[in-house]
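Notes to accompany the following structure.
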Amino acid sequence: MTRTRRVIVCLDADDDRVVKGVQFRALRPIGDPAEMAARYERAGADEIVLLDISASAEGRETRWDTVRRTAEQLFIPLTFGGGVRSVDDVGRALRAGADKVAVNTAAVTRPAVISEAAAWFGAQCIVASIDARRDESAPSGWRVVIHGGRTETPLDVAEWARECVDSGAGEILLTSIDCDGGRSGYDLALTRTVASLVTVPVVASGGAGSADHVCAVLCDGGADAALVAGIVHDGVVTVGSIKAAMAARGLPVRGEIIRGAA
Amino acid sequence: MIRATILDYGAGNLHSLAKALAMPDVSVHITTDPLSAIDTEVLILPGVGAFTGAAGCLAPARTAIRRALTDGLPCLAICLGMQLLFDASEEGPGAGLGFLAGRVRRLKAALVPHMGWNTLEEPADPLVTGGALETAYYAHSYVCPPADPGVTTAWTMVDGDRFPAIVRRERTVGVQFHPEKSSAPGVSFIHRFLADVAGPRTEVS
């Protein structure tokens, strides 16, 4: 047998509530993170990603409590990201109950964060979160953006992904800012470009509108896992129906789920 | 009441593990002191961190822990914890417990770490036979080839590299996967371990 391909449900949290936005804007609250995470585990999600996207300073401390409450409900892996600035923050997130920690802006401003965190906590729990925007002037065609998409950087996405992996990141969470929230499919070219360059799993994010889009990014995009958010929150598809579509395309998925979905 | 003690190497999340162990007749303790960790009825070596750091944490109690396991202290060793049962690791310097002979080596796969759900093959271990645990969650870059192949009771494979999913010696069970992250079937695995492997001794004591 081989490793199964993962469907990961993302919860964007703002001040202890799950919210949904389009291209990082226009947020609306849709539920409680701990309740939603537990529901998605029962529905067959392979992992949960909890991203603190709160821009406000007062959200900084409540987030550890949000991680703690969410982790309390789960017996599947939980990745936390959002405002992780230092190795100490990585440790705090892990102690609060996260299994993996996504580092985004901090890795750009201080790349040693990834290598230091990987050396102490192990590469398997350090996720390099990369937000990519199409830019024809970038060598690969995509530029790294930070601060939740608000700030451009001079970094090329492909070069930066390779550097993150060389520094010790055990996984790449790759978000297309252009496709995020559009529901017209993942950026397959972006995912393929990065996945072909690195030897760690790439999680594709941004643009899922259907189970077929998930299958496409796993089959044609070279992603090891696919992140979904809005389409499952809104009930456009269920985790079970995505898994069933994957199995129909010949992608290996968790056995229990196949029977559960049948 | 069964006393279960998790040794905390200071490098990760122990919440799910403590929660999975917390059954009505089990008292769960977490300690950072490796010597006091073996003053227990069930020792848990958790699965988060890097080999060298964790080996350093174990160092003061290395001989004492090995003797306790040899004398039959029930132990569940998860992922990195399983790797620490062996002599040494390619991951970095530091001595493992040497309870199982062998050197931990890097996984030979297209994508490393092996991150995600994978099947258990040729399950001979009573803890997983009969479909009790078919698919489990893995997150690791290194694997444990034992010098004595007889200690392996289930296997897993990634990209053609086959390695032990479960090893057993005395009342120590080492698992490369994370049962505490393998949803309901994984939690049931931990409960079966407590009942079947750890249970009989505590009835006597």
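The values are calculated or read from the model by the stated rules, or taken from the named source; none is laboratory data. Not measured: the values here are computed from a predicted model. Because the Cβ atoms are built from the backbone with ideal geometry, glycine has one as well, and the counts that use them run over all protein chains shown.
Brief remarks follow.
- The set of residues in the range A:74-83 being in contact with a strand residue (DSSP E or B) (Cβ under 9 Å, 6 or more places away or on another chain) and either within 11 Å of chain B (Cβ to nearest Cβ) or free of Cβ contacts under 8 Å to residues at least 24 places away in the same chain (or both) consists of A:L74, A:I76, A:P77, A:L78, A:T79, A:F80.
- In summary, B:G131 fulfils each of the numbered conditions (1) within 14 Å of another protein chain (Cβ to nearest Cβ); (2) in contact (Cβ under 8 Å) with a residue 24 or more places away in the chain; (3) not polar (S, T, N, Q) with the single exception of condition (2).
- Within the range B:14-43, the residues that satisfy the criterion of being among the hydrophobic types (A, V, I, L, M, F, W, C) and more than 17 Å from B:G81 (Cα to Cα) are B:A22, B:M23, B:V26, B:V28.
For every residue, the table says whether it meets (1) within 17 Å of the chain's Cα centre (by Cα); (2) within 23 Å of A:V194 (Cα to Cα); (3) of a type outside the set (D, E, K, R).
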position	(1), (2), (3)
A:A71	yes, no, yes
A:D89	no, no, no
A:R133	yes, yes, no
A:G141	no, yes, yes
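- Subset of the range A:88-108 [surrounded by fewer than 23 Cβ atoms within 10 Å (Cβ to Cβ) and either in contact with a Phe, Trp or Tyr (Cβ under 7 Å, 6 or more places away or on another chain) or within 14 Å of A:G148 (Cβ to Cβ) (or both)]: A:R92, A:A96, A:T105, A:A106, A:V108
- The residues of the range B:119-162 include none that are in a helix (DSSP H, G or I) and within 30 Å of A:A169 (Cβ to Cβ).
- Matching residues in the range B:54-63 - criterion: being surrounded by fewer than 17 Cβ atoms within 10 Å (Cβ to Cβ) and under 17 Å from B:I6 (Cβ atoms): none
- Residue within the range A:48-67 that is closer than 25 Å to A:V202 by Cβ, in contact (Cβ under 8 Å) with a residue 12 or more places away in the chain, of a type outside the set (A, V, I, L, M) and outside any helix (DSSP H, G or I) present: yes
- Between B:L7, B:L69, B:L17, B:L76, the distinction of being crowded, with 20+ Cβ neighbours inside 10 Å, out of contact with any Ser or Thr (no Cβ under 9 Å at 6 or more places or on another chain) and closer than 22 Å to B:R192 by Cα belongs to B:L17 only.
Residues are listed down the side, and each one gets a yes or a no for (1) more than 22 Å from A:P201 (Cα to Cα); (2) at pLDDT below 95; (3) of a type in the set (G, A, S):
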residue	(1), (2), (3)
A:A102	no, no, yes
A:P111	no, yes, no
A:F121	no, yes, no
A:C125	no, yes, no
A:D135	yes, no, no
A:G141	no, no, yes
A:V145	no, no, no
A:L155	no, no, no
A:G181	yes, yes, yes
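- The range B:164-183 - residue that is surrounded by fewer than 22 Cβ atoms within 10 Å (Cβ to Cβ) and in a strand (DSSP E or B) and, of those, nearest to the other protein chains (Cβ to nearest Cβ): B:R168
- Complete set of residues in the range A:222-246 that are more than 14 Å from chain B (Cβ to nearest Cβ) and among the charged types (D, E, K, R): A:D234
Quick grid of which residues meet (1) in contact with a strand residue (DSSP E or B) (Cβ under 7 Å, 6 or more places away or on another chain); (2) within 14 Å of another protein chain (Cβ to nearest Cβ); (3) in contact (Cβ under 8 Å) with a residue 12 or more places away in the chain:
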{"site": "A:V90", "(1), (2), (3)": "yes, yes, yes"}
{"site": "A:L94", "(1), (2), (3)": "yes, yes, yes"}
{"site": "A:V103", "(1), (2), (3)": "yes, no, yes"}
{"site": "A:P111", "(1), (2), (3)": "no, no, yes"}
{"site": "A:C125", "(1), (2), (3)": "yes, yes, yes"}
{"site": "A:S129", "(1), (2), (3)": "yes, no, yes"}
{"site": "A:R134", "(1), (2), (3)": "yes, no, yes"}
